[in-house]
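What follows is a single structure, written as structure tokens, with notes after it.
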Amino acid sequence: MADPILSVRDLHTYFVADEGVVRAVDGTSFDLHSGRTLGIVGESGCGKSVTAKSILRIVERPGRIVSGQIMLRRQNGSTVDLTTLPTDGRDMRSIRGGEIGLVFQEPMSSLSAFHTIGNQLMEAIRLHTNLSKRAIREQAIELLAMVGIPRPAQRIDSYSFELSGGLRQRVMIAMALAAEPRVLIADEPTTALDVTTQAQILDLIRRLQQERDLAVMLITHDMGVIAEMADDVVVMYLGKEVEKGPVDDIFHAPRHPYTKSLLRSIPSVLAEPRSRLATITGSIPHPFARPGGCPFHPRCPDRHAVCEITVPAEVVIGENHVTACHLYNKVAA
Ligand code: SF4
């Protein structure tokens, strides 16, 4: 496999409040490669979105990156550690929305209701090019056509509230691609959409990825979306990666009890009619009451004494497949 475009190494992002410290991201590492999709999956509150915000350097206060590296191979061939750049400096502003495009869950909160979608799209293009006003408008219409907006030359003058949820999300994707990024971060891009529109948006992301050789980081709580889209998977729980590997290994040979629980909670067409969907026992602990030892131990059906005391180290299971669980750690067992 070619060198990664973006490498995250041992990233820790904490929120320090009067009540205590929330370790939102607590030591995650992964690579993004051109033409491949990395799926990051876990329940809400597991650190997926804070990982994305850390890469983009938009973590809200009192959160901050306390350690780790985020190495980006830039368009000019140089490599930069994003954690060392000033959050609002020129470099970071040109990387955010420029070299790294973003799509969020709720386009209504990301698109302005006071400006036409065309004006917002043209502004996104203008920030990263020196084209004339007319050429920018033509490019905006081309982008709208590319993401499947019908009658783009007319729709460009619409406001976001005049569009359906699916069309708004297509506009967001057009904006994310306006600066021709090589990396696309999509944070729950289809969660707010109905099933049919969700499938169309996922198809669109896949098609654009192939056409543009994009490295995609797809954040979702939905293992069904992971199965459909991801090449590689990171499973996160309470800020920690508990298992990561190629998608086939994660689905056909999962090792971590949390991954297995997530997989059991996917609806199956093979299930008995009216059979109940498995749920993960217990709930995610309060952020200030993080359990000692393995963070999953209060909910784990396979826990034993060592799990309550010792944090499990990552164990290599197979090629590019690792898990952090004492069941596979001979020394701890
Ligand atoms: Fe369960 Fe122990 Fe493995 Fe944690 S380390 S997932 S508690 S078996």
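The values are calculated or read from the model by the stated rules, or taken from the named source; none is laboratory data. Model, not experiment: these values are computed from the prediction. Positions of Cβ are backbone-derived with ideal geometry, glycine not excepted, and every protein chain shown enters the neighbour counts. Side chains included, ligands, DNA and RNA excluded: accessible areas come from the protein's heavy atoms. Shrake-Rupley method; radii C 1.70, N 1.55, O 1.52, S 1.80 Å.
A viscosity of 0.890 mPa s and a temperature of 25 °C, combined with the Kirkwood radius over C-alpha pairs in the Stokes-Einstein formula, give the stretch 118-220 a diffusion coefficient of 175 µm²/s. Per residue, the accessible area of the chain comes to 49 Å², computed with a 1.4 Å probe over protein heavy atoms only. Surface composition of the chain: carbon plus sulfur atoms hold 51% of the accessible area, using a 1.4 angstrom probe and ignoring ligands, DNA and RNA. Computed from backbone phi with θ = phi - 60° and the Karplus coefficients 6.51, -1.76 and 1.60, the 3J(HN,Hα) list for the stretch 309-315 is 10, 10, 6, x, 7, 6, 10 Hz; x is used for glycine and proline.
For the chain, the share of DSSP beta bridges that are antiparallel, to the nearest 5, is 65%.
Could you give me the ³J(HN,Hα) list for the stretch 215-232, computed from phi with Karplus coefficients 6.51, -1.76, 1.60 and θ = phi - 60°, whole Hz, x at Gly and Pro? Rounded to whole hertz, the list is 8, 10, 10, 10, 9, 7, 9, 10, 5, x, 5, 4, 4, 7, 10, 7, 9, 10.
3J(HN,Hα) along the stretch 31-46, derived from phi through the Karplus expression 6.51 cos²θ - 1.76 cosθ + 1.60 where θ = phi - 60°, amounts to 10, 10, 10, 4, x, 10, 10, 9, x, 10, 10, x, 5, 5, x, 8 Hz, with x in place of Gly and Pro.
Look at the alpha carbon pairs under 8 Å that are at least 6 residues apart: their mean separation over the length of the chain gives a relative contact order of 20 percent.
Cα centroids of the stretch 55-102 and the stretch 296-320: 32 Å apart. Pairs of lysine residues in the chain that meet both criteria, 8 or more places apart or on different chains and Cα atoms under 25 Å apart, total 10.
What separates the Cα centres of the stretch 217-237 and the stretch 9-27 is a distance of 23 Å.
Normalised Debye scattering of the chain at q = 0.07, 0.10 Å⁻¹ gives log10 I(q)/I(0) of -0.31, -0.62, counting only Cα atoms as equal scatterers and leaving out solvent.
Along the Cα-to-C-beta direction of residue 207, a point sits 7 Å from the Cα; which residues of the stretch 105-148 have their amide N less than 19 Å from that point? Once the point is set 7 Å along Cα→Cβ of residue 207, 139-148 turn out to lie under 19 Å by backbone N, inside the stretch 105-148.
Per residue, the average separation of C-alpha pairs within less than 8 Å and at least 6 apart gives the stretch 8-83 a relative contact order of 36 percent.
Semi-axis lengths, largest first, of the ellipsoid equivalent to the stretch 12-60 are 23, 11, 9 Å, with √(5λ) applied to each eigenvalue of the Cα gyration tensor. For the chain, adding -39500 (n - 2.57) for each run of n ≥ 4 DSSP H residues and dividing by the number of residues yields -8500 deg cm²/dmol at 222 nm.
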